[in-house]
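The values are calculated or read from the model by the stated rules, or taken from the named source; none is laboratory data. As the structure is a computational prediction, the values presented were derived from the model and not from experiment. As a convention, Cβ positions derive from the backbone with ideal geometry for all residues, glycine included, and neighbour counts pool all protein chains shown. We work out accessible area using only protein heavy atoms, side chains counted, and drop any ligands, DNA or RNA first. Shrake-Rupley method; radii C 1.70, N 1.55, O 1.52, S 1.80 Å.
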Amino acid sequence: MLRIPRAATGTIAALSLAGALYVGFNPVAGVPPLGNLLDPVRGIWSVARSAELPREQQVALEGLGARVEVRYDDRGVPHIFAASDLDAFRALGWVHARDRLFQMELTQRSVAGTLAEFVGARALPLDRAARQRGLAAAAEARWAALAPGDPSRRIITAYMEGVNDFVRAMRDEDVPAEYHLLGKRPRVFQPQDTYYLLGAMALTLSYQDEELTRGGVEELVGTAATEALFPVDAPIQEPIQPVAGRTGPRYAAVRFPAPRLPDAKAIAEARRFRDAADQLAGGGDPGAPDVALSLLGPSRALTRGDAVVGSNNWAVAPARSANGHALLSGDPHLQLTLPSIWYEVHVVVAGGIDMYGVSLPLSPIVPIGFNRDVAWTATNTTADVMDFYRETVDDTLAPARYRLDGAWKAITTTVEEYRGPRGALLATDTLRRTHRGPLTRTALGWLSMRWTSLEMSDEAGAFREAIRARSAEEWYRAMERYRAPAQNFLVADRGGHIGIRSTGRYPLRPGDGRGNHLFDGSTSASDWTGEWKVTEYPQAMDPAQGYLASDNQQPIDPAVQPRYLGWDWPTPWRAMRINQILRADAGMTPEKMRLAQTDPRSALTDLVVSAVRAAVTARATVDSTTAGTETRAAMAFLDAWDRKFDIESRGAVLYDALLAELTRRTWDEFVLPGENRRVATPNGMMLVRLFDDPQSAWWDDRGTPDTREDRDAILVASLREAWTATRMRLGNDPGAWRWGAQRVANIRHLLALPGFGREGIPMQSGPGTLSPSDGRGIHGASWRFVVELGDAIQASGTYPGGQSGNPVSSRYADRLPLWEKGELAPLRIPHTAAELTGSALASVLTFTPEP
């Protein structure tokens, strides 16, 4: 693979900027005349003049109460020293805007449903889906609910005034490149935009329409088989909340009923369920622009088959650390983009806040970080917090009423207009709502949706208090008001305490309490009946085992608490691996924590390879053909592999092909006739548990009606095909294969602009490893950090990108080399501005009150 030297990519970005985007967007977006675009003073080239931080700069800010000093360190991190919270966050708004303004606007527009105003009619499906979901309306309602004197309202207002202070004073060279290319100027930002950002987070982390896909699965294979293959409880338990006395995962007894053979009616109904899920997910137009924003679209798990992406965190108590201090590791995984989703910052307020972490541009919130006493991080719970209801309406095309408890209720309607880059009206929609939430016409009829993320909550207020906490216990008290999206918050403090709590709003449902099916919307008996109490959340504080870990797995073993929290949980391979590492080492260090973040082993690998080896051995006496010889050669090659997914590995290449082929052959029952994709794929836990039943009907290949395959036949055929196909694809010399050429990270620009991304980065990553990566390479570790909470906080971290959103800046992607190697940079945490000097200091920005 040809890889362009990193040093050249900034130049390439600049050179490709005008031509590539002019050609790519001119047909849809009213790009300005090429002469204006290339004007050396006011055009695209002017962005080079603002690419680097000035050594010193002074700015007068309206509304500032006192002088604020911002010292940028040698990694481009701003350390903001202020006399008050309002001054500090006003300065943060200005700082965010200078480095990430276009990203901030794109985030807001993705939730508001106004992308077409930037890139034209091809974004219309995305805009329609965004408005239909209702996150913008929820953001406006949350902001309106804050009292005028509410501290969160005051802080967010000051932050957004700082953003707009930058926007108002912008010179041509300060305008981000993307605005030049699109012929646009930045909008005036509003305080409620922070809640749009929180809505974008909710969309990525908690949107779930899998019950629709599940309905289609039931039509294809039957209810009993669906219950077994997409269960409420994971059949392998390595939960977040530790189980006293347990020293390994628990394997539950599992039986997989045979699939039924669907008739034409069932197949047609399965397609309707699939189409409804696609409609609700939105943005299905293949001509829509490739907007790669991390927080733009929902993540749909059921069709993925396995949790190839996911976040990790773990903490170690002083008794199990080498230095006698609590340790915390944070490793959230999200979509990889340039600029990065995160922006690193340190805020110090005299006599108050002293926090360091990663912020989300468009918000003053620091959701992951630490202060002088407490460190915190999060993984997604993947809990079920969304339900769909099949409604009875008075008109199938344009309903005005819906039926509830025998009476007709009025549907709330709003008319939405969509406009293009020049203000032309592109479309008009009538959006509808029931008392539950948005109402949408789908292939299944009219469905309404209830989602915790559309209801009132106060995440900003929760974080505002939590960053001031001086202990883990105090941190959790502050976060009791946090509602959505539900997160596994891990905390450690200097007192030696470690804790975890799966925090969020968990609905109580009628009947069996499950939410993995469509509800009857004609009765209020289908509505939520309440929610979990905070004391009922999965949680632990200072467990006897001396460590805690979460990796998106089922938070609590149903043998301990059987109450419904979700279903079709992500695979436990990452949880099993980190528990294995932490159980085995009573002398953990920050360096060992760092190494674990990119540990190249997977708990899944041995299970698969052992099963395949047993099958090859069992069939050796009956398979002496040339094909048998090839199979044994493939097995010998796999056996010689050390089971590590490092970039130089050769065996990992064959294993990955084997796993894909085995998945394809095993779950052929989920492919609709005439199509080439599965409507859903049971995750890897089901495949592993199916190994225990060699004669299961699920092993039979429906494509060979005259032969009934068993487990060993499918395992051996999968290995043989993987061996043959890999040699055809990569060459007959397996010694030349290289995992790093197959598993790469592709970090694309928010608009997928040519030359603005960094692609083809080799990854030490594999199926089920702690650093998982999907085949496209567009998801991965978005921020890695390790904190040691001793007498003085020691921390290190990095993320894939840089602080600047300017593609010709040296700060655009300067952190990639460290991130690629799994290394971390020491984080500078000065108490005062005077401590950051010399070679550690890159720039000084001073804000003064406007006269």
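Details
- Element breakdown for the chain at a 1.4 angstrom probe: carbon and sulfur atoms account for 51% of the accessible area.
- Estimated vicinal HN-Hα couplings, Hz - the stretch 637-650 in sequence order (Karplus 6.51, -1.76, 1.60; Gly, Pro = x): 5, 5, 5, 6, 6, 7, 6, 10, 9, 7, 5, 8, 5, 9
- Positive-end ranking of A378, G822, A618 along the dipole of the chain, with charges on Cβ about the Cα centre, is headed by G822.
- Placing +1 on the Cβ of every Lys and Arg and -1 on the Cβ of every Asp and Glu, with nothing else charged, gives the stretch 166-224 a dipole about its Cα centre of roughly 500 debye.
- Zone of A559's modelled label, taken as backbone nitrogen in the stretch 230-264 under 19 Å from a point 7 Å along Cα→Cβ: 231-255
- The per residue volume of the convex hull around the alpha-carbon atoms of the stretch 573-706 is 158 Å³.
- Dipole moment magnitude, nearest 20 debye, the chain about Cα centre, only Lys, Arg, Asp, Glu C-beta charged: 600 debye
- On full extension, the segment bounded by S471 and M728 gains 86.7 nm, given 0.36 nm per residue less the C-alpha separation.
- Nearest-20 debye value, the stretch 670-782 charge dipole, Cβ charges on Lys, Arg, Asp, Glu: 620 debye
- Neighbour net charge for L845 - beta-carbon separation under 12 angstrom, K R +1, D E -1: +1
- For the stretch 476-522, the list of trypsin sites (Lys or Arg not before Pro) that fall in a loop by DSSP and count at most 16 other C-beta atoms within 10 angstrom reads R514.
- In degrees, nearest ten, helix 151-168 long axis to first principal axis of the chain (Cα): 70 degrees
- Positive minus negative residues near L64 (Lys, Arg vs Asp, Glu; Cβ under 15 Å): -3
- Take each peptide in 49-61, 661-673, count the other Cβ atoms within 10 Å of every residue, and average; sorted highest first, the result is 661-673, 49-61.
- The Cα center of the stretch 580-604 and the Cα center of the stretch 244-282 differ in position by 34 Å.
- Summing +1 for each Lys or Arg and -1 for each Asp or Glu among the other residues whose beta-carbon sits under 9 angstrom from that of A575 gives 0.
- The chain: angle of helix 85-112 to the longest principal axis, Cα-based, in degrees nearest 10: 50 degrees
- Once the C-beta distance of D150 and T247 is scaled by a Förster radius of 56 Å, the resulting FRET efficiency is 0.70 to the nearest 0.05.
- The label point for R55 and the one for A636, both projected 7 Å from the Cα toward the Cβ, are 6.7 nm apart.
- Dipole orientation for the stretch 463-610: of the candidates W475, I500, A486, W475 has the Cα lying most toward the positive pole (charges on Cβ; Lys, Arg +1; Asp, Glu -1).
- Rolling a 1.4 Å probe over the protein heavy atoms gives the chain an accessible area of 36 Å² per residue.
- Taking the C-alpha atoms only, the angle from helix 651-666 to the longest principal axis of the chain is near 60 degrees.
- Positive-end extreme of charge dipole, the stretch 44-168 - chosen from T114, Q57, V77 (charges on Cβ): T114
- With the alpha-carbon atoms of the stretch 317-417 aligned to their principal axes, the span from lowest to highest coordinate is 68, 36, 33 Å, starting with the largest.
- In this simple spin-label model, placing a label point 7 Å from the Cα along the Cα-to-Cβ direction at both E850 and D701 gives a separation of 7.2 nm.
- Of the trypsin sites (Lys or Arg not before Pro) in the stretch 197-276, those whose Cβ has at most 13 other Cβ within 10 Å and which sit in DSSP loop: R255
- Theoretical gain in end-to-end length, A83 to A258 [0.36 nm per residue, Cα-Cα removed]: 56.2 nm
- Share of pairwise Cα-Cα distances greater than 51 Å in the chain is 15 percent (whole percent).
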